[in-house]
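Contents: one structure, followed by commentary.
The values are calculated or read from the model by the stated rules, or taken from the named source; none is laboratory data. Predicted, not measured: the structure shown is a model, and the values here were computed from it. Positions of Cβ are backbone-derived with ideal geometry, glycine not excepted, and every protein chain shown enters the neighbour counts.
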């Protein structure tokens with residue numbers, strides 16, 4: 001989807017989700033519904049849900065919980081009550097025993113009443129604050145994604161869940177790094193402040209031009225790589241922990257909620 005096409009999309013989250021439900025939007029969601037919270041998606045069988053909730057509690061930077069739906073529930077009652085979690089994400093991934101087995105536009109055929117849905121904060125939600133502070137984001141509104149990397153930083157295990165933290169990276173001008181930290185730290189529910197600034201090797205990242213997820217962007221002179229914890233972490237955890245079934249969003253294809261970014265900001 002081109003920047004022009006993104007700019008002509010409705011900005012109302014419900015109208016966007018309706019287009020996703022119809023299969024008319026299947027692209028990355030960066031820049032869509034500016035000012036509204038976007039969320040990562042994790043769906044697991046009920047017998048794994050408590051352990052995963054504990055995993056999120058122990059790893060709040062990469063896995064900040066926005067909402068948990070009861071087993072079998074498909075409507076997120078607090079974040080988007082008119083939505084259907086089975087159809088209103090542009091693209092889903094199906095993981096079985098740690099292997100990616102399918103990527104689909106609807107999960108209706110995979111749905112069962114024992115599945116529990118987790119909506120986790122996404123860094124796309126604080127990008128509006130970065131732009132309001134004069135920080136350009138080349139991917140914004142282009143239908144493209146940010147760069148994401150599996151790191152050498154281990155998450156804190158819980159039950160069967162363990163694995164590496166994933167981070168997203170954005171090039172930030174040196175003179176605006178402090179402003180980037182200040183503006184994103186106000187949003188702990190969507191990953192908050194960066195976890196690393198300037199040295200990829202501190203996270204075990206050998207080459208920032210070769211992301212594990214998303215795409216690389218070229219820096220401008222004087223830009224610094226800045227890394228935030230990322231909600232794709234559960235997908236790396238799925239690869240490492242091998243649950244019998246995990247359903248997630250495809251990286252960058254987020255669930256758009258009715259919540260406003262400002263509602264999650266702290267002073």
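Quick one: would you say residue 95 is assigned by TED's automatic domain parsing to the domain that holds residue 174 and surrounded by 15 or more Cβ atoms within 10 Å (Cβ to Cβ)?
On the way: assigned by TED's automatic domain parsing to the domain that holds residue 174: no; surrounded by 15 or more Cβ atoms within 10 Å (Cβ to Cβ): yes.
In short, no.
What single numbered condition from (1) over 19 Å from the mean Cα position of the chain (by Cα); (2) in a helix (DSSP H, G or I) fails to hold for residue 181?
So residue 181 meets the others, but not (1).
Given the criterion outside the structural domain of residue 30 (by TED's automatic domain parsing), in contact with a helix residue (DSSP H, G or I) (Cβ under 8 Å, 6 or more places away or on another chain), touching a residue at least 40 places away in the same chain (Cβ under 8 Å) and under 24 Å from residue 212 (Cα atoms), identify the matching residue among 134, 163, 159.
Unique residue meeting the criteria: 163.
For segment 12-30, what are the residues that are closer than 21 Å to residue 144 by Cβ, assigned to a loop (DSSP other than H, G, I, E, B) and over 19 Å from the mean Cα position of the chain (by Cα)?
If the condition is that a residue be closer than 21 Å to residue 144 by Cβ, assigned to a loop (DSSP other than H, G, I, E, B) and over 19 Å from the mean Cα position of the chain (by Cα), then 23, 24 are the ones that fit.
Whether any residue in segment 7-28 is under 23 Å from residue 187 (Cβ atoms), surrounded by fewer than 16 Cβ atoms within 10 Å (Cβ to Cβ) and in contact with a helix residue (DSSP H, G or I) (Cβ under 7 Å, 6 or more places away or on another chain) is what I want to check.
There is no residue in segment 7-28 that is under 23 Å from residue 187 (Cβ atoms), surrounded by fewer than 16 Cβ atoms within 10 Å (Cβ to Cβ) and in contact with a helix residue (DSSP H, G or I) (Cβ under 7 Å, 6 or more places away or on another chain).
Does residue 31 count as in contact (Cβ under 8 Å) with a residue 12 or more places away in the chain and surrounded by fewer than 17 Cβ atoms within 10 Å (Cβ to Cβ)?
Numbers: in contact (Cβ under 8 Å) with a residue 12 or more places away in the chain: yes; surrounded by fewer than 17 Cβ atoms within 10 Å (Cβ to Cβ): no.
Criteria not met by residue 31.
Go through segment 102-127 and give me each residue that's out of contact with any strand residue (DSSP E or B) (no Cβ under 9 Å at 6 or more places or on another chain) and either in the same structural domain as residue 224 (by TED's automatic domain parsing) or without any contact (Cβ under 8 Å) to a residue 24 or more places away in the chain (or both).
Correct list: 108, 109.
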